[in-house]
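Just passing along the structure, written as structure tokens.
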Amino acid sequence: MGGSPLRILVVGAGIAGLAVARALRLAGFRPDVTEKLPPTERADIGLYLPGNAARALRRLDLDGPVRPLGQVIHRQRFLDATGAPLCEVDLDGLWAGVGECRALPRAELHRVLLSGAGGAVRHGAEVSTVDPLPGGVAVGFTDGTSGEYDLVIGADGPRSAVRTLAALGGPPRPAGQVVYRSVVRGGPRVADWTALLGQRAGFLVVPLGAGRLHCYADEAGTSLPADPLARLHELFGDYGGPVPEVLAALETVDVELTTEVELGRWFHGRVLLVGDAAHATAPTLSQGAAMALEDAVVLAESLRAAGSVEAALIAYESRRRPRTRWVRDRTRDRNRTRDVPPALRDPLLRGRGGRIFQEHYRLLTGPL
């Protein structure tokens, strides 16, 4: 169907939606992209992209614009709460032949994707109705406008309105973590992806280049703290390694509860979900953006190769489900490892931690 005049609507202009729009344009389609939020600047948080994300960006022909951004990460270091070593992962070896690992501000990746998507994003366009038609979909918006499409792609995140309107699933399920994110300037010099593991909590620091650090922390829990910055000092004030200097440099913190989305199907008629709208997990493996980028590549390939939209959606879901299921299961495995008491966990990680953590990515180093 490459080059056909399919009318396609992409709902959501985050990483998933813009990546899908880019992939579809490269395949000869001309999708419309809508976003319910105004075109405001994204929150100042960092993003770590494993090697499979770099491969997907290469397939989207966006590796060039991304290459000058952020910092390439060569090694993961796992420490205990005092800062003593537990294990390491050689990222260059793990992702050899796939792609390099990179950390960068999320807003910078978003700008690259926005430019690569081509065409204008219709901001402030919130979907209110999604109704099946013979061979298509009727979409209504809260501003009273409407349109008919051959395919509607819900890329509107874990709290997807499209998912609910198309009867593909309800709200996301809590994953049992509170996560804290911030970008620190003027903190300690950190060369590697560095995680300190404590008692049902962890603190991660990743260099973003230009003296910036991406800081990510999590704890087991189901409610947001009244004062996130004070809670971080309470949780991690006794940690060693780079944590004391990072805490001293922290100014603002973004906090949220993690959620999961697990669905029996990803499409209904000609409405399809991609990215976190279809398969969100806790961010433990840093695979949210990577899975969205891979989704975009595979969806465009499926539409280009299939003889009908229906056949393309079936082919797409059959290719993507094994990988997203792997990410979900390995994320849960990693979280269970974190929740083991340090007295039992830390000796295990000192002996076999590198092999354990590399295994979490094994399927993802293979072909899409």
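With viscosity set to 0.890 mPa s and temperature to 25 °C, compute the Stokes-Einstein D of the range 219-362, Rh being the Kirkwood radius across alpha carbon pairs; µm²/s, no decimals. All intermediate terms of the calculation are to be shown ahead of the outcome.
Working: Rh = 18.2 Å.
Using the Kirkwood radius from Cα pairs, D works out to 135 µm²/s.
Moving to a separate point now. Can you order the peptides 144-157, 235-248 by their average number of other Cβ atoms within 10 Å per residue, highest first?
144-157, 235-248
Please rank Thr337, Thr252, fewest neighbouring Cβ atoms within 10 Å first, as an exposure proxy.
Thr252, Thr337
Give a residue-ordered list of calculated ³J(HN,Hα) values for the range 186-199 (Karplus: 6.51 cos²θ - 1.76 cosθ + 1.60, θ = phi - 60°; whole Hz; x for Gly, Pro).
Whole-Hz 3J(HN,Hα) from phi for the range 186-199: x, x, x, 7, 10, 9, 10, 4, 10, 10, 10, 9, x, 8.
Arg102's amide H: which non-local residues (gap 5+, or another chain) put their own amide H closer than 5 Å, with H modeled 1.01 Å from N in plane and none for Pro or chain starts?
Here Leu49, Ile73 satisfy the definition.
Sorting check: for 216-222, 272-278, 329-335, which peptide has the highest mean count of neighbouring beta carbons within 10 Å, and how do the rest follow?
The peptides rank, most packed first, as 272-278, 216-222, 329-335.
While we're looking at this one, here's another question. Over the chain, what relative contact order in percent results from Cα pairs under 8 Å that are six or more residues apart?
Working: 801 pairs, mean separation 82.0, N = 368.
Answer for the chain is 22 percent.
Between Ala138 and Thr82, what FRET efficiency comes out of the Förster formula 1/(1 + (r/R0)^6) with R0 = 51 Å and r the beta carbon distance, rounded to 0.05?
Taking R0 as 51 Å, the efficiency between Thr82 and Ala138 is 0.30.
Applying 1/(1 + (r/R0)^6) with R0 = 51 Å to the Cβ-Cβ distance of Ser146 and Ala220, what FRET efficiency is obtained, to the nearest 0.05?
Details: r = 45 Å, r/R0 = 0.88.
Plugging the Cβ-Cβ distance into 1/(1 + (r/R0)^6) gives 0.70.
Here's something else I'd like to know. So, with +1 on the Cβ of K and R and -1 on the Cβ of D and E, and no other charges, what is the size of the charge dipole of the range 1-84 about its Cα centre, to the nearest 20 debye?
So the magnitude is around 320 debye.
Which order do the peptides 84-93, 69-78 take when ranked by the mean count of other beta-carbon atoms within 10 Å per residue, highest first?
Working: 84-93: 16.1, 69-78: 18.7.
The most tightly packed comes first, giving 69-78, 84-93.
Additional query: What is the distance in Å between the Cα centroid of the range 264-290 and that of the range 336-363?
So the separation of the two Cα centres works out to 26 Å.
Rounding to the nearest 20 debye, state how big the charge dipole of the chain is about its Cα centre with +1 on each Lys and Arg Cβ and -1 on each Asp and Glu Cβ.
That gives a dipole near 880 debye.
Classify the range 258-308 as rounded, prolate or oblate, taking a ≥ b ≥ c as the square roots of the eigenvalues of its Cα gyration tensor: rounded when a/c is under 1.5, otherwise prolate if a/b is larger than b/c and oblate if not.
Verdict is oblate for the range 258-308.
Express the Stokes-Einstein translational diffusion coefficient of the range 1-160 in µm² s⁻¹, to the nearest whole number, given a Kirkwood radius over alpha-carbon pairs, 37 °C and a viscosity of 0.692 mPa s.
185 µm²/s
Arranged by the count of other C-beta atoms within 10 angstrom, fewest first, what order do Ser182, Ser160 take?
Ser182, Ser160
With charges set only on the Cβ (+1 for Lys and Arg, -1 for Asp and Glu), what does the dipole of the range 179-248 come to about its Cα centre, in debye to the nearest 20? Numbers along the way, then the final one.
Details: 6 positive and 7 negative charges, 51 e Å.
About 240 debye.
Something else about it: Only counting other Cβ atoms within 10 Å, I'd like Leu6, Leu313 sorted with the fewest neighbours first. The partial results should precede the final answer.
Numbers: Leu6 20, Leu313 23.
With the fewest neighbours first, Leu6, Leu313 line up as Leu6, Leu313.
Values in this text are rule-based calculations from the coordinates and carry no lab data. As the structure is a prediction and not an experimental result, all values here were calculated from the model. Quick reminder, even Gly has a Cβ in these numbers, built from the backbone with ideal geometry, and neighbours come from all protein chains shown.
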